1. Could you tell me how far the Cα centroid of the stretch 112-167 sits from the Cα centroid of the stretch 6-82, in Å?
2. So for the stretch 120-172, what percent of the C-alpha to C-alpha distances run longer than 16 Å?
3. Could you report the chain's accessible area per residue, 1.4 Å probe, as an integer in Å²?
4. Can you give me the Kirkwood hydrodynamic radius for the stretch 66-179, using every pair of distinct Cα atoms, in Å to one decimal?
5. Hey, rough spin-label estimate for Ile170 and Glu15, points 7 angstrom out along Cα→Cβ, what's it come to in nanometres?
6. Considering Cα pairs under 8 angstrom that are at least six residues apart, work out the relative contact order of the stretch 1-147 and quote it in whole percent.
7. Quick check: the angle from helix 180-212's long axis to the longest principal axis of the chain, C-alpha only, nearest 10 degrees?
8. Under 10 Å from the Cβ of Ala27, count the other residues' Cβ atoms, weight Lys and Arg +1, Asp and Glu -1, and hand me the total.
Amino acid sequence: MIRERYTHQIAGLREDLLRMGSMVEQALLRAIYALETWDVAIAAQIIHDDASIDDAWRNLEERTIHLLATQQPVVASDLRLCTVVTAIAGELERIGDYANSIAKRIRQATRRPALMTPPPQTQEMARLALQMVNTSLQAFLLQDTDLAHGLTASDERVDDLEDLLRAEVIAMAKADPVLFEAAVDMLDIIHALERSADRATNIGERVIYLATNSVETLN
């Protein structure tokens, strides 16, 4: 009976982490849509819902600590799972914060004297960052190290796009000083997307550790 309860708790950690991941994916997807449409209502919803992501993160941490303290997993893979769940939950919480940051910048940008149209490559960067978050969660679900390793190429592309976009935004602001404040907003949005991709790569590293008990650096 005790073992059955323990197995149920371990499975629950996996399920709730994936549920949190879905919440974060949705927040980032909405942030991207709000950026494409300048939809302040959606931006406001992202900001409001960020508290739910934080609650999910705290709940997972508390349950993992309780499980470690009361059940003391003796199987190495279960112990790794507990530590990895906590680490991945922290990465997801930060991605949620980046979606929240994008939403706040969108709301702020719409109040500026002039809006800056995101350069065309912004959409590619945003979609790639979102895809990386999805891939990292799929890698966790399947404990698929190939999926995790595949994040490296995507992360490199995101880094290249960040450099390109930063240069374009700065050039636009220099050409039209009215866009200076809007450029600051856009640079922060670009940085939030790049950091989201980095966090997804970090999740991939945790998946590799979970599956192989070895530590690898993907970026």
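1. If we compute the Cα centre of each part, the gap is 20 Å.
2. When all Cα pairs of the stretch 120-172 are counted, 45 percent exceed 16 Å.
3. Per-residue accessible area for the chain comes out at 48 Å².
4. The answer is 17.3 Å.
5. Each label point lies 7 Å from its Cα, and together they span 5.0 nm.
6. Normalised by residue count, the contact order of the stretch 1-147 is 36 percent.
7. 20
8. -3
The values are calculated or read from the model by the stated rules, or taken from the named source; none is laboratory data. From a predicted model like this one, the values you see are computed outputs, not experimental measurements. Neighbour counts are summed over all protein chains in view; Cβ atoms, including those assigned to glycine, are modelled from backbone coordinates with ideal geometry. Each accessible area value is taken on the protein alone, full model and side chains, heavy atoms only, with ligands, DNA and RNA left out. Shrake-Rupley method; radii C 1.70, N 1.55, O 1.52, S 1.80 Å.
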